[in-house]
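Structure, as structure tokens:
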Amino acid sequence: MCFSQIFNMLSRCSWVAVGTLLLTLGIMSLTYSFNLLLGGVAYYISIYPSVHILLMELGWLIDFQSLCFCGCVMLISGSVVVYSQDYMMSEKFLNRFLMILMSFILSMVVLIFSDNMLQVILGWDGLGLSSYLLVCYYNNSNSSNAGGLTLMVNRMGDGGLFIVMFYFILSSHQVHVFMSNSMCVGLMLFLVCCTKSAQVPFSAWLPTAMAAPTPASSLVHSSTLVTAGVYLMIRFHTSLMSISWLSLLVGVLTSLTATLCALVEKHMKKIVALSTLSHLGIMVTILSYGWVDMSFSHLIFHAFFKATLFLVVGFWIHSQSGYQDLKNISSASLKDPQVSCFGGLAMMSLCGLPYLTGFYSKDIFMEILLYQGGGVLMMVFMFFGMMGSFMYSFRMFKSINNSSNMGVLVLLEEDPKCYKLSLLVLSCLSIFGGYMVSCYWVLEESVLYVFWEMKLIVLVMILTSFLVVMKSKMNSYFLSDLGYMSSLSRMAPNLSGYSLSLNVNLFDKNFLNPYSGGSYQMSASLVAPDVLSLNFFSMMKLLFLLMFLLVSIS
């Protein structure tokens, strides 16, 4: 055995030990968080020696929400680290990838336990930088473009956080904003959180970030980075009460747009990413009604089953030589039925089937909407967004088990033990996580008296979604382009520079070239193709839908 093989074996064992340590820390954090919940206590750990900056004491806030979310992050991180040992076994720079992943986890922990804007900015910047490095890991044109868009949107959020911090320093000489009631601060914080959680109109970066390796997508783009914005909204919920109408509008529009786009998307990773986007919209919608605990519970439950689904999708893609188009990935479930069963359970939990993890948050939210009432159109849009979960899940499940196109199945050299170990942990959380949490954490909003007709709504939604998926063939460029948000996001940073360079080029040709009579006609054909591809009537439809939503919530 050569030296390189010994080194690779030791490196593999060390990273498996790191993943096991993260899993252990996650279990301990979740267990102790419920002790804090039942005891109704919280702890503040000050940095020693005491550091005072701008009359502010730096430290860490440990309460139920921060410790529970940290435990969730640790469990998923440990599973992803173990999973990567098989999935990325042939990668030359696996250690570099895992080190970037650990830096992301550290930044996430800093953000979770921070109690002031200075520490929040440190964690926020760390998340943006590490996520950019993960998206650009494969170092090709697709990854570079996706990383540039991701970095641009995240830097917008960074700038917003700096503006909020400077505002508080100038106005009150302190940066503790958890109890602020200012509408301006609430609006700025909401926009900042929307950039990280990919809410409309900042949604284009999340599907393009699927250029990252699948383990990174499972951790970063499903359960931690994108939910960091929602987590800050939960922390700052008192500041957001004055703009609840805006958060309701953005949440419903995000959920509806992502659902419609997922119904026509062909790439599996992007379907799961759009599903994540839809559920992020649901979390923001729940929070807009003032139900903080319910929004936080859906954040935790969603992280469990969505991370499982991402890892299973990565296994299916790996078994088909990297193909992820639904037309080419048929019969992928034949590769390993056990792993495919984990994926089926994650999809059922995603749909909110009774007594799985997703049921304990989505079902309660739907019952409350029916019981307490609200805007009729808002309820219709929200129910359609939830029904879309069944539709795109059935669509993907149908394609995975379709035997009409067998494709090429790639057999792995060894039995993927690390695959199954990590998937087993997350699948248990996807099945029993909601029940275990509900035994200790009873939401105030969950004590309802509903009629049996309301209980039938979920079954009707499932049957309707099944029939629609079996009979329909949906395809639309407008939806596949995320309502033109992808084209607009790519076009906006370059449009001003493109116009300036075009004018300079035209100016030079007119004055320096004596034969420039046709330069004006030539310049008319150089308009950006992204601008020409935008259909005017489709954009008018989008604006009409936005106005319709504004009227419905008024």
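The values are calculated or read from the model by the stated rules, or taken from the named source; none is laboratory data. Note that this is a predicted model, so its numbers are computed, not measured. Using ideal geometry, Cβ is built from the backbone for each residue, glycine included, and neighbour counts are taken over all protein chains shown.
Scan Val313, Val272, Val264, Val250 and give me the residue that is modelled with pLDDT under 90, of a type in the set (Val, Ile, Thr) and crowded, with 24+ Cβ neighbours inside 10 Å. Let's see the steps before the verdict.
Details: Val272 fails: modelled with pLDDT under 90; Val264 fails: crowded, with 24+ Cβ neighbours inside 10 Å; Val250 fails: modelled with pLDDT under 90.
Selected residue: Val313, the only one of Val313, Val272, Val264, Val250 that is modelled with pLDDT under 90, of a type in the set (Val, Ile, Thr) and crowded, with 24+ Cβ neighbours inside 10 Å.
I'd like the full set of residues that are at pLDDT 90 or above and surrounded by fewer than 19 Cβ atoms within 10 Å (Cβ to Cβ), limited to the range 127-144.
Once the filter is applied, which keeps residues that are at pLDDT 90 or above and surrounded by fewer than 19 Cβ atoms within 10 Å (Cβ to Cβ), the range 127-144 yields only Leu129.
Here is a list of conditions, (1) touching a helix residue (DSSP H, G or I) at 6+ places or on another chain (Cβ under 7 Å); (2) under 26 Å from Phe432 (Cβ atoms); (3) assigned to a loop (DSSP other than H, G, I, E, B), and Lys362 meets all of them except one; can you say which number that is?
Answer for Lys362: the failing condition is (3).
Residues Ser217, Ser223: which one is closer than 16 Å to Gln324 by Cα, among the small types (Gly, Ala, Ser) and buried (at least 24 other Cβ atoms within 10 Å of the Cβ)?
Ser217
Under 16 Å from the mean Cα position of the chain (by Cα) and farther than 20 Å from Trp124 by Cβ, is that true of Ser218? Lay out the reasoning, then the answer.
Numbers: under 16 Å from the mean Cα position of the chain (by Cα): yes; farther than 20 Å from Trp124 by Cβ: yes.
Here the answer is yes, as Ser218 does meet what is asked.
With respect to Met99, determine if the residue is among the hydrophobic types (A, V, I, L, M, F, W, C) and in a loop (DSSP other than H, G, I, E, B).
no
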